[in-house]
Structures are given as C-alpha cells and as structure tokens.
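The values are calculated or read from the model by the stated rules, or taken from the named source; none is laboratory data. Quick caveat: nothing in here was measured; it's all calculated off a predicted structure. All Cβ positions, even for glycine, are placed from backbone atoms using ideal geometry, and neighbour counts span all protein chains on display.
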Amino acid sequence: MEFFTTALGHVLTLGPLSAMTGSTLLGVFIGALPGLNPVMAIALLLPLTYSMDPLVALAMVAGIYNGSMYGGAIPAILLRIPGTPASIATTFDGFPMADKGEASKALKIACWSSAVGGIASAVALMTMGPLLARLTLFFGPAEYFWIAIFGMASVGVMVGSDPVKGIMAAVLGLLIGTMGIDNLSGQARFTFGQTWMLGGLDLIVVLVGLYALPPVLQLAEKADLRGLSAAQLKLADAPFKPGELRGLIPTWLRASGIGIGVGILPGAGGNIAAFLSYNAAKNASSDPESFGKGNPQGVAAAECGNNADNAASMIPALSLGIPGNVVAALVLSALTIHGLQPGPQLFHQNPVLVGGFMVEMLLTSVLIFALGGAVATRVFAQFQRLPGVLLVPSILILMCVGVYVINGRPVDLWVMLGAGIAGYLLEKVNVPLAPIILGMILGPMAEQSVRRALLISRGDATDLLTRPISAGLAIATLLVILWPVVKTLRRRRAARA
C-alpha cells in the first residue's frame, strides 16, 4: 500500500487532475456519439504521449475509457441507439423508461451505476490484481469457446419474447461474423468477390445501422413530430420512489462481481459483462416480466456490469502482459512507448506509475458521479425537447459522419443502410437485434477457440467437455437454453390447474 500512497501524491497534482477532468468529459461526449468509440480516441491520442508525462498520458487514457463507457448509455436511453457495443443491454430498459417520461431518472441510474461499477473494478485492480490475473492461466481455448457459446445462448434466450427467434438471431450474427479472411487458413469467406469485404463487415457500422436507423424510421412514422409535450417534460423529472435506490444495491453488487470476473478474462469485453449482468438481474428479480419494459434494475445491471469490466480488464494486462481488451492493448503500447515492459516485473520497474494509473482509473470513475451526471441530465436530456422534424435529420447526419470516419469508405454508408433496413424489418416480426450483434462479436472468438482446442487435442472433440472449467460452462449453457422450456411447462401446468 505504500506505493499507492506515493502514487496518490503524484496523481493529485495539476497535470494529472486536469487531464482526468478534461478527458472524462471528452470521453462522455465520445461515447454519446454513435460511431465514435474509446478505441478510436485512445489510438489517436497515443502518438501525443511521446512528449507527455506518463502519468498525464495514462490519466487521459483512463478518463476517455471510463467516460466513454458511461457516455454510451446516453443515446441508448434517449434514442435507443447504443453509443458503444457495451451499451446495447442498456437500451432494453433505458429507452422504455425514457419513452415513459423517465429519461432523467434513467440517466441518473446509468451514471451512478457506471460509477459504482468503475469504482468496484478499480478497487479490484488495486487490491487483487496479481491474484486474479493468475486465474486466467487456467483458461485455454476450450474454456473460451464455451464462454462465447454461453454468452450467445444467454442473450438469445433471455432477450425478446421468443427464445427460438433469439437463438436464430444469434446464429445470423455468427454467420455475419464469419465474413472476410479466415485468420487460421487465410481463405476468403462470403466476400462475393469484393475486396472491401476481405476484412469482414465492420462491427460499429453494422451496430449503428441495426440500432440507429430503425428508431429513426419509427420516429419518422409518427404523425406528431413536434417533440415532447409539457406534461411529458415535467414527468421526465419524476422523483425516485421510496426504497427504489436502496433496491439497486444488490443489483450493483451482483453486476460488479460479474463485470470484474469477465474483465480478467482476456478477450471477453464489457458487452459480455453487460449482458450477463442483465440476465442475472432478470433471473434474480421477483418480477422478471417487467424487464424490457422500463425496469430500473435492468439499466443498473447493464451499466454497472460493463463499467466493472473496465479496470478489471487491465489486471491481466499489467500483471501478465496479456491485454484483456483492445483498450488494455493500447495501454500496454503506451507503457512500452515510455520504456516499460508489461508483465510480472512491471510492478517492480515503476511502481509509482503503475499505482498512479490504478488510482487514475479509480478517480475518473468517481468523476463520473459529478461530471457525468451533470452533463447527461442537464445537456443531453434536452435532446428530447427537439421536435422530430429536427431530430430525425440531425441523427441521420451524425450517423453518416460517425460511420464514414471509421474507415473513410463510402461503402460503409451502404452497409449501414442495409443493416438499418434489415433491423427495421426484423423488429416488425419481433426478432431481437442484440443477439445478432453479440453473434458478430463472439462468433469469431468461438470459432477460433474451438479450432485451436481441436488442434491442441489432435482432433479429439471430447477435450471440450472433459476439462473441469469447460464442462461447468457447458452445463451452464445447457441450463440457460433449457430454463425457458421449464418455465413454459410450469406456466402451462399452472394454467391447467
């Protein structure tokens, strides 16, 4: 703990404090603009760190990362457009709350939940980093395969009213994820002779199309495009019910644990943490039917879970040199730029810098309480006052600009349009969109993991089930798939009785 005290003294100076404050605000805005993401922002920031003090550079990374993860919840709640992939689960209950006139309440819950998850994750990074990092050594390709399958099965079954449609949507996402060059064989798959498809369909482009265009089209369908009425605006500031905040505490604790656990697994990510936290909250609720209809517990679980992944993803990166996600890989790059070698010896090479970065991850999460809440409730919530005739073209312009700057390719605009029309039609037949995105994210991870597992076992598929952890995950996946069937049978028996 002594080096944390020393690190705190270095962090609480003008340079790092200014960097944390400014970058947290910047991160909120980046996350709130669909198409932009923390990876893009941090990647652009890295060249600037050559001439910066390392603590200041890492403070900016921490602020942008934590701020953008919360910022992604803002359009997810107000417009049902996830600012980042990790905010998809937030749309399930956040947008229905806003639709009922509870946008301010939903934004506050998202802000507080993000801060709680981020603080819990930072504390885990500071106190249990080396211990938790060693657990990742027990995870091989077989375990990662079942983690991916479990994630897709959970979302496919839990999201929407029809588990069969959810599973079909996940399979569709998995197939889309196979487009492009096969990483193991180098073969082109489903590219249809188009060179721009060799890299596959960009996840963010498809995400913006699936989640941004359908609500815009639905908004344009409405006869009244004048915006919210005065009564709705007044209702948007409705107070919390007695005991409502206290009731979020178990959800925060559960989601923090799930997010931290997912974070220490390299390659998992905040989207998985958010979905698993949401599903856990729904299963633990005495009123699971209210999820997806504006239950505050759903917003709290999703936002706490995806933010609890943030600092936890740095645990294997700092302790073992294995990045938990792309942002962690960029942090390792920043450390390397300054002559540090990530891995077990990092804590001995420069304990003040490592401890300082951990403290910065903690403090930027605390800043979300003040800065994030003020920005969201006083600035972004005003979007609801805009009349639809202004809101629709404004969103379309932001979408097109955000998608174009990702790769600088006009063809991405057509991909976004195609994904948007597909999403609009799928929603008409009650097919959930979230499993499609998760299938795109987890499909490549599942495919590569199972092929590596078979290579290691020389084609013996039983190795996927004989390892203790993989067997446990396989059983959990089976239970998740069978649980809706059991619930349906129980309801039918109760109805007959």
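The table below gives the values:
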read-out: Region 450-470, residues that are in a loop (DSSP other than H, G, I, E, B) and of a type outside the set (V, I, T); value: S457, R458, G459, D460, A461, R467
read-out: Qualifying residues in region 289-303 (those that are within 22 Å of V262 (Cβ to Cβ) and assigned to a helix (DSSP H, G or I)) - the one farthest from the chain's Cα centre (by Cα); value: Q297
read-out: Residues of region 389-443 classified as basic (K, R) and part of a helix (DSSP H, G or I), total; value: 1
read-out: Count of residues meeting criterion [modelled with pLDDT under 85 and under 30 Å from I204 (Cα atoms)] in region 449-497; value: 2
read-out: Scope region 89-104; condition buried (at least 24 other Cβ atoms within 10 Å of the Cβ) and out of contact with any Gly (no Cβ under 9 Å at 6 or more places or on another chain); matching residues; value: T91
read-out: Among the candidates L425, L454, residue that is of a type outside the set (D, E, K, R), farther than 20 Å from K165 by Cβ and free of Cβ contacts under 8 Å to residues at least 60 places away in the same chain; value: L454
read-out: Positions within region 139-157 being in a helix (DSSP H, G or I), of a type in the set (A, V, I, L, M, F, W, C) and modelled with pLDDT of 75 or more, in sequence order; value: A142, F145, W146, I147, A148, I149, F150, M152, A153
read-out: Residue check for T13: at pLDDT 80 or above, touching a Ser or Thr at 6+ places or on another chain (Cβ under 8 Å) and either within 14 Å of V366 (Cα to Cα) or of a type in the set (S, T, Y) (or both); value: no
read-out: Check on S113, modelled with pLDDT of 85 or more, farther than 28 Å from L413 by Cα, touching an Asp or Glu at 6+ places or on another chain (Cβ under 6 Å) and buried (at least 24 other Cβ atoms within 10 Å of the Cβ); value: yes
read-out: The listed residue being assigned to a helix (DSSP H, G or I), within 12 Å of the chain's Cα centre (by Cα) and among the small types (G, A, S), out of S113, S104, S68; value: S68
read-out: Residues being over 22 Å from the mean Cα position of the chain (by Cα), within 18 Å of M168 (Cβ to Cβ) and surrounded by 19 or more Cβ atoms within 10 Å (Cβ to Cβ) - total across region 427-457; value: 0
read-out: Region 159-176, residues that are modelled with pLDDT of 85 or more and either β-branched (V, I, T) or touching a Ser or Thr at 6+ places or on another chain (Cβ under 7 Å) (or both); value: V171, I176
read-out: Cross-chain or 6+ apart pairs with Cβ under 6 Å, region 190-218 first and at positive phi and surrounded by fewer than 16 Cβ atoms within 10 Å (Cβ to Cβ), then part of a loop (DSSP other than H, G, I, E, B) and modelled with pLDDT of 85 or more; value: F190/M179
read-out: Filter pass, L184 being assigned to a helix (DSSP H, G or I), of a type in the set (A, V, I, L, M, F, W, C) and surrounded by fewer than 18 Cβ atoms within 10 Å (Cβ to Cβ); value: no
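Yes/no per residue for (1) part of a helix (DSSP H, G or I); (2) in contact with a helix residue (DSSP H, G or I) (Cβ under 6 Å, 6 or more places away or on another chain); (3) modelled with pLDDT of 70 or more; (4) over 17 Å from L125 (Cα atoms):
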| position | (1), (2), (3), (4) |
| --- | --- |
| A317 | yes, yes, yes, no |
| T336 | yes, no, yes, yes |
| G343 | no, no, no, no |
| S365 | yes, yes, yes, no |
